[in-house]
Amino acid sequence: MTLPAIEIPVYEVKLPTLNKTVKYKPYTVKEEKTLLMAIESNDEKQIFETSLRCCDSCILDDSVKIEELSVLDLELLMISIRSKSVGETVDVRVTCEECNHTLDIKADITKMKVKKKGKPKDTIMLDETYGVKLKLPSIDSVYDSLVNKTDELTSTLLACIDFVYDDETTYSFKDYTEEEKTDFIEKMTVENVKKINELFIDKLPSNCIDLSFTCPSCGKENKKTMENLLDFFI
C-alpha cells in the first residue's frame, strides 16, 4: 500500500507587466533544501539559477516562461511564492533617521505594491541620426549580466536596450554579442546615458513595501520604503 499524496494548495497572483493572472503552488521541502544548499555555496550564479528553477517548478501555467518575465513580474511572483512557502513576514534591519539607532523589525511582504514613478519614454534619440528603443529588463538579460560580471550601469543598459535604429535600419540588440553590445554602450556620451536614465530607467515601476516603526532609543516615528525585494525570496 502506497502512502497517500498530500494535496498542495494553489494560489493566484496578477503579474502587471504580463497582464495575466498566474496560478502557483508553494515550494516543497525538497525544493527548500535545494535552495538552502545553493545559499550555503555563496555562489551568486548558483543561487540565482536555483531560485529560478524553484520558481519555475511552482508555476502551474505552461504558457508562462520564467526566463521571459520582466524583473518586475518575476520579483512579484517570487515574493508571492515565498510568502506562501516560508511565511508572510521577513526580518528587516532599519536605522532611525533621527539618532541612527539600528533595530530589527518585521515586514509584511503581502503588503507589497507596485510603485509607479511616471511614464517612461521608451524611444530616445542619441544624436541626429541614431536612436534607441527601450524595454523593461527581462530576467534573461539580468542573468547574462550576472554571468558576465558586468558593472551595474552597463548591466542596466544592456537589459533595457531593445534595438538601435536610424531612418533606414533597425539593429536588434539580441543579434549582437555581449562584447559588441558592451562596446556600443561604452561609446555612448555621458549626456546619452543621462537622458536614458532620466527619461526611462528612473521612471520604471518597482515593487516596494512601506515600513513604519517607532525608535526605542529616541521615540522618533520613522517611515521608510523598502525596495530590492528579490533578496527575500530565499
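Residues whose amide H falls under 5 Å from that of LYS115, counting only those 5 or more places apart or on a different chain, are SER206, ASN207, CYS208, with hydrogens built in the peptide plane. Rounded to the nearest 10 degrees, the inclination of helix 44-58 to the longest alpha-carbon principal axis of the chain is 70 degrees. The value of relative contact order for the range 1-87, using C-alpha pairs under 8 Å at least six residues apart, is 33 percent. Computed from backbone phi, the HN-Hα couplings of the range 201-215 come to 4, 5, 9, 5, x, 9, 7, 8, 10, 7, 10, 9, 7, 9, 5 Hz, rounded to whole numbers (Karplus: 6.51 cos²θ - 1.76 cosθ + 1.60, θ = phi - 60°; Gly and Pro given as x).
Looking only at LEU158, LEU15, LEU211, which one moves most when the chain is put into a Gaussian network model with springs between Cα atoms under 10 Å? Its mean-square fluctuation being the largest, the pick is LEU211. Against the chain, whose longest principal axis is taken from its Cα atoms, helix 190-199 shows a tilt of about 50°. Relative contact order of the chain: 20 percent, from C-alpha pairs under 8 Å at least 6 residues apart in sequence.
Phi-derived couplings, Karplus 6.51 cos²θ - 1.76 cosθ + 1.60 at θ = phi - 60°, listed residue by residue for the range 104-121: 9, 10, 8, 10, 8, 6, 6, 8, 4, 9, 8, 9, 9, 10, x, 9, x, 8 Hz, with x used for Gly and Pro. Comparing MET78, MET188, MET112 in a Gaussian network model of the chain, where Cα atoms under 10 Å apart are tied by springs, the biggest mean-square fluctuation is seen for MET188. Amide H contacts of PHE163 (H built 1.01 Å from N, in plane; Pro and chain starts excluded): LYS133, PHE173 sit under 5 Å, all sequence-distant by 5 or more or on other chains.
Dividing the convex hull volume of the alpha-carbon atoms in the range 150-234 by its residue count gives 176 Å³ per residue. In terms of surrounding Cβ atoms within a 10 Å radius of their Cβ, ASP166, ASP122, ASP151 rank from fewest to most as ASP151, ASP166, ASP122.
The calculated pair-distance distribution of the chain uses every alpha carbon pair, bins of 5 angstrom beginning at 0, and gives 1, 6, 12, 14, 15, 15, 13, 10, 7, 4, 2, 1, 0, 0, 0, 0 percent.
Listed by chain and number, the aspartates and glutamates placed with their C-alpha closer than 13 angstrom to that of LYS30 amount to none; residues fewer than eight positions away on the same chain are left out.
To the nearest ten degrees, helix 71-85 and the longest principal axis of the Cα atoms of the chain are 10 degrees apart. Residues considered: GLU168, GLU221, GLU67. Largest GNM mean-square fluctuation over the chain, using C-alpha springs under 10 Å, is found at GLU168.
A short reminder: the numbers here are calculations on the coordinates, not readings from a lab. This is a predicted model, so every value here is computed, not measured. Heads up, the Cβs are rebuilt from the backbone with ideal geometry, glycines too, and the neighbour counts pull from every protein chain shown.
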